[in-house]
Structures are given as structure tokens and as C-alpha cells.
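Coordinate-derived values only; no laboratory data. Quick caveat, the model's predicted, so the values are computed rather than measured. Every residue, glycine among them, receives a Cβ derived from its backbone with ideal geometry; neighbour counts consider all protein chains shown.
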Amino acid sequence: MAVANPPSLDILVRDSAGFTIWSGPPFSNGEPKIKLDKVPCNSTKFSDDGSKLMVIRSDSLISIYDSKNLAEISVLQVPNLLAASISPCGTYVQTFRKSASPQDKNVALWKAETGESVYQVFQKNMTKATWPSIRFSSDEAVACRLATNEVQFFDAGDFSKGFFHRLRVPGIAAFELSKTPGSYVAVFVPESKGMPANVQIFSCAKESQSQPVARKSFFRCSSVQLHWNHGSKGLLIVVQSDVDKTNQSYYGETKLNYLTTDGTYEGLVPLRKEGPVHDVQWSFSGKEFAAVYGFMPAMATIFDMKCNPLLELGTGPYNTVRWNPKGKFICLAGFGNLPGDMAFWDYLEKKKLGATKAELSVTSEWSPDGRYFMTATTAPRLQVDNGIKIFHHNGSLFFKRMFDKLFQVEWKPESPDKFGDIAEVLKFVDSLKLEDTPKQGQGPKSAQPNSKPAVSNPSAQKPAAYRPPHAKAAVAVQAELFGGRPTGELSKNALKNQKKREKQREKKAAEATSGASGT
């Protein structure tokens, strides 16, 4: 379905001098147009729907901008400000400041457009699990906050009434409200006095909160990551343990569990390889999710809502997965302590489009229309080689700019529904004349970056031509994808680690056998 007037793609860029707004791709003359001159600030944050922009100007001053015309609409004065957050639709701004006593209510909720304070409460400290203090569903129809042994629910249209009902959960340490719609809340209770940790799902409706709709217990659980899908029907739970009792990983042990609100599934996701869970992400439709897991080289798999594998994306040095908002393209990447390899896949066509590298990347995300993939190297994580790279959906480089110091880069959020369907997107992308764009029908070798142009007569090639390691890996991916056995071999380090783990298992089995015979 074509869209008559899709919104422009805007990019927020913040460096040492402040933030500015660029007009997004495609660029005229290869350079972005400046839509807003630099404004000095400490940090910025778009609302989830992209309608408002919150700008922290100093430790006591917050400005709210209308994202459409980039005009300042309100200013908040908050002395001793430590943190601030904006609600999904940009209606409210939440602030946290230093507090001298429990009588000093240091968390405040403000109307973004008027600067009116509508709710205050005391909060002793701020952690990742407790901030923002008040959580909203995507449409701001549901609002709730974590208190001692309970979750408190508010009327999102009138906070002056205070909370109107509470969900009692003894020992609760964290919770996650489903976003679209906000019909369920998942709560996490850590291990205590020999009792296992657990995650429970409750309905947000007061009359339906007597019993959880789903529950899962975990032994050896230090923390969890909760990932709701669009539609609020499935919850992925990454269970983290600080200690790996098998001694296979210094970083502890992770397991991927899955719960559904209708009770159709409860348990572990069947992963094909041992090792940590590096990343998981739901598709925009909420009907599939992608997982990157296992010891290096990690494996990537796409599952449906019943945890049936739909597509294997092979193995490689990956720890990140990014699914584009249209649900067609997927980027697998290895960032952080990995060298920055990226592989781009067409999920609907089940084929690999290309591969490239973005070394030292700190952040990465697809554009709202699903055409472009942007990576950035930012401070304070990395103090050198700061810059922005924008790639096409097939991995070819579209734009690059370096900075002396870069702190933040992000797309202005927009609903994917405001853009054309995937057929329109592909038609637009394929019409561009770009260098190094793989032609349809070329094999995996042509999908690699910096590869040589294809020979017009393939049959004339020498049969004993050298095949580089990355081409062998591509053949292995294709073999797994289409049902064959991968022919690629493990690297020396991977093979060494595999043999080491096998010896450890054999040693433990021998010790267990000798212990049993001794008794």
C-alpha cells in the first residue's frame, strides 16, 4: 500500500557543541541538510512516537521541543536534576533529583506542553530496574510504578487521584509493562531463602489480578531481561546467572525462556548450540523473533510464536541482531569486543544480501522506513574514531562522516505504517544506481564487501581458483539454509575450545562414574 506523503527521515546528532537535526537520506549532493542549528545541551531524548524532543540544557533546565516544527514549547526548572525521561506519546516528562529527606518528594511528573507538575513521590535511589519510576504503555492508556512488594496503577489521564489499585507481589525486584497494548505486566521475584526466582504475568485489569496468567521459576538466576512482543501475547525472558557451574564461561550462564499469556507455551526456547544468549529481538509484527546465541562463532535463528525454528542464519562472529521495522531485512552484527562484521539478510526471500564491517560501533539501528541501517562510534564509550556510517539494506555504504567527539546519534522515531509497504521500498532502493550493489543471481561470494566484479563468463574461470575463508563461510550458511550440511570448518581457536569443553565433560563423567562405583 503506497503512502501519499510519507514523513521525512530526520537524524539527531549531538557532539561537544550541542545537538542539531539533519534531514535524513536520501541526501541532495551527498550531504545532509541542517534543519536546526546547534543547541548547547547535556543530553536529548525523543518520545517513542517522535512527536516531542526532550533536551536537558543543564543540571536544572529542561526544554521540550515540538518535533514537527522544531520549536521550543515549554521549559522546566528542576534544581539538582539527576535524570529525566519522556513518556511514549510525549505527554509527560518525569524527573529525578537529589533528595535531602524522605519528606522531600524527589520524583516529579510534569505536563510536557504546560510545565505543570501533576504528581510527586519520594524515591530513595535510582537504578536501571527502577527508572523511569512511572512506566507507560505505548498509547499511555496504562501507567504504573514499582513500590515495595507491589505495583501501583494510576489513571493516566488524572494523576492527582494517586494510584487507584495495587498488585501485591512479595519480593518483587523488577517489572515490565507490555507496550502494545498495555494489557499485561510481567514481574520478577529473585531467589530468596532457598526459593527459586520466578517471573509471573498478570493482567492489568483490576478484576483479573487474583492469579497470574503465566508463571515460570528459575534456579541459578541473578537477573532477567524481559522482552514483550507487539500484541502483548508473548514474553521472552533472558535469565542471567553470575556463575556458570560448568566453568565454560567467565561471564556466567544465560538461558532463553518463553511465556505466552494464553498458556500455549512455557519453557526454554530450543536453541541448537551451547553457550550464552547474546541478543534477542521481536519482529515488528510480533509473530517471529530472532536470537543470537552460543559460543563463538555464534548461531542465529528465527523462531515463530510457538518456538519452532523458521530460518537458520548460519554462524559467525555475531552478538547483535537488528530487525528492520518492515519485517523484511535483518542485520546480524558483532559489536563491542568483536571486530564489527555485519551480515544483511532478506527474511522474506530467505537469502543473504551482503556483508560488510563497521568497526568500533557503539550504537546501531534501522531507519523507520526500513531502507537504511545506521551505526555510530560515540563517546564516552570510545574517545577516538568517533563517527557515523549509514548503509543500504544490502550492506553497501551510503554515507560516512567522522567527528572529533560524538556523543549521540539516533533516528527520529516514526511509525513504520506511515511509509510505503515493502514492495514500494524495494522498488525505490533498486532504482538507485550504486556502486558495489550485488546483482540478482550472483552467488554468496559477490555478496561480500570489497569483492571483485563478477566475471562475465563464469565457465571460463579456473577450476582451482583460490577461495578465501569468508567465501567458504558464505557457502556454509547457504548449505544450512537450504537443508544441506555446511562444509565450512571451525577456526583453530573454535576447534581448540570445542575439544577443551569435550575433555571437561569426559572428565566430569569419569569422576561421576568412579564416585558411584566407590559407594
- Query: Label 7 Å along Cα→Cβ of S16; segment 369-389 residues with amide nitrogen under 16 Å?
  - Reply: 378-387
- Query: Amide H neighbours of L36 under 5 Å, counting only residues 5+ apart in sequence or on other chains, H built in-plane at 1.01 Å?
  - Reply: I21
- So how do 300-307, 192-199, 140-147, 127-134 stack up, highest first, on mean other-Cβ count within 10 Å? 140-147, 300-307, 127-134, 192-199
- Task: Rounded to the nearest 0.05, what FRET efficiency do R272 and K193 give with R0 = 56 Å and r taken as the Cβ-Cβ distance? Could you check?
- Result: 0.95
- Kirkwood Rh over Cα pairs of segment 1-72 into Stokes-Einstein at 4 °C, 1.567 mPa s: D in µm²/s? 97
- Where does segment 46-201 land on the Kirkwood hydrodynamic radius, alpha-carbon pairs, in angstrom? 16.4
- Which order do peptides 349-357, 156-164 fall in by mean Cβ count within 10 Å, highest first? 349-357, 156-164
- Quickly rank 379-389, 79-89 as a protection proxy: mean count of other C-beta atoms within 10 Å, highest first. 79-89, 379-389
- Rounded if a/c is under 1.5, else prolate if a/b beats b/c, else oblate: with a ≥ b ≥ c from the C-alpha gyration tensor eigenvalues square-rooted, which is segment 198-316? oblate
- Message: Students often get this wrong, so check it: of K273/K326; K352/K405; K352/K389; K350/K412; K45/K105, which have C-alpha atoms separated by over 31 Å?
- Response: K352/K405
- Determine the gain in length on full extension of the stretch V118-Y265; use 0.36 nm per residue of separation and subtract their C-alpha separation, reporting nm with one decimal. 48.8 nm
- Note on the structure: Looking only at lysines whose Cα falls under 23 Å of K206's and that sit 8 or more positions away or on another chain, we get K161, K179, K216, K233
- Message: Taking 0.36 nm per residue of sequence separation and subtracting the Cα-Cα distance, how much length would be gained by fully extending the chain between K503 and T363, in nm to one decimal?
- Response: 46.6 nm
